[in-house]
Amino acid sequence: MFMKILMIEDNKSVSEMMGMFFQKENWEASFAYDGNEAVDMFNEDPDKWDMITLDLNLPGKDGMEVAKEIRKVSKTVPIIMLTARDTESDQVLGLEFGADDYVTKPFSPITLIARMKAIHRRDENMAEKLAESTPVNAEVEEADDGFDINTGFFKLNSNTREAYLNGKEIPDLTPKEFDLLKTLASKPKQVFSREQLLEQVWDYDYFGEERTVDAHIKKLRQKIEKVGPQVIETVWGVGYKFDDTGAKNKA
């Protein structure tokens, strides 16, 4: 796979090291060393980039502000946040500002490359599925409600990337939040371990961090609670499950 990478990192030795690894993958990489430069480079041609790696601690604008600026322009370009901060609050905040995933410093270049490949592969597969499922005849689409998951209380449309609870749209779902919700809702009441969710949603196996799942679940729950009762339950010691039977009494 070929990718055009924008690496936003103020430590030039880290950038130079990763530049060598990107070159081995035959990826085209550009580097920004402060937040203001990063935003300017991205805005010059937003559609150019296949992947962004973003350091949290930057001069000018910090990583959170940079992510926020990028997300104003593009909701879909993958962002992996690199941070020396290893606390759940920082990780959740990074996800809240638009990062798809995070890798804590110090990190292995091989691990970062694997994460990048997994996210890119997942996005390419999703794009192919959407293209295959788009009907040629628009009248056919109008005849069908388009919801591939519909329990009566919860509806999800993979083509429009929209999800509804009790008739209200769950707002501002990021691509990963939508994929996570779809995976859980596709098999109601089935318990998914964090490892299973990493594999199915992020396409990670050995390289995944379980806290990635927990951070996304936390943010997803906050958005669900804006429109209705909680439908994602924690099964302690195992993982998570989708159960919307409680929404019946709230409809």
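The values are calculated or read from the model by the stated rules, or taken from the named source; none is laboratory data. This structure is a prediction, so every number in the text was calculated from the model and none was measured. Cβ sites come from the backbone with ideal geometry, for glycine too, and all protein chains shown count toward neighbours. Heavy atoms of the whole protein, side chains included, go into the accessibility calculation; ligands, DNA and RNA do not. Shrake-Rupley method; radii C 1.70, N 1.55, O 1.52, S 1.80 Å.
For Lys218 and Asp148 in the same chain, what is the full-extension length gain: residue separation times 0.36 nm, less their Cα-Cα distance, in nm?
22.7 nm
Probe of 1.4 angstrom, ligands and nucleic acids ignored: what's the accessible area per residue over the range 163-247, in square angstrom?
Accessible area per residue: 45 Å².
Please report, as a whole percent, how much of the solvent-accessible surface of the range 4-61 comes from carbon and sulfur atoms (probe radius 1.4 Å).
Roughly 42 percent, rounded to a whole number.
Can you list residues whose amide H is under 5 Å from Phe107's amide H, if they're 5+ apart or on another chain and H is modeled 1.01 Å from N?
none
I'd like to compare 43-50, 157-164, 23-30: which one has the highest average count of other Cβ atoms within 10 Å, and what's the full order after that?
In decreasing order of mean packing, 43-50, 157-164, 23-30 become 157-164, 23-30, 43-50.
Probe of 1.4 angstrom, ligands and nucleic acids ignored: what's the accessible area per residue over the range 1-78, in square angstrom?
Each residue of the range 1-78 exposes 49 Å² on average to a 1.4 Å probe.
Whose amide H sits under 5 Å from the amide H of Phe154, counting only residues 5 or more places off or on another chain, with H placed in the peptide plane?
Asn166
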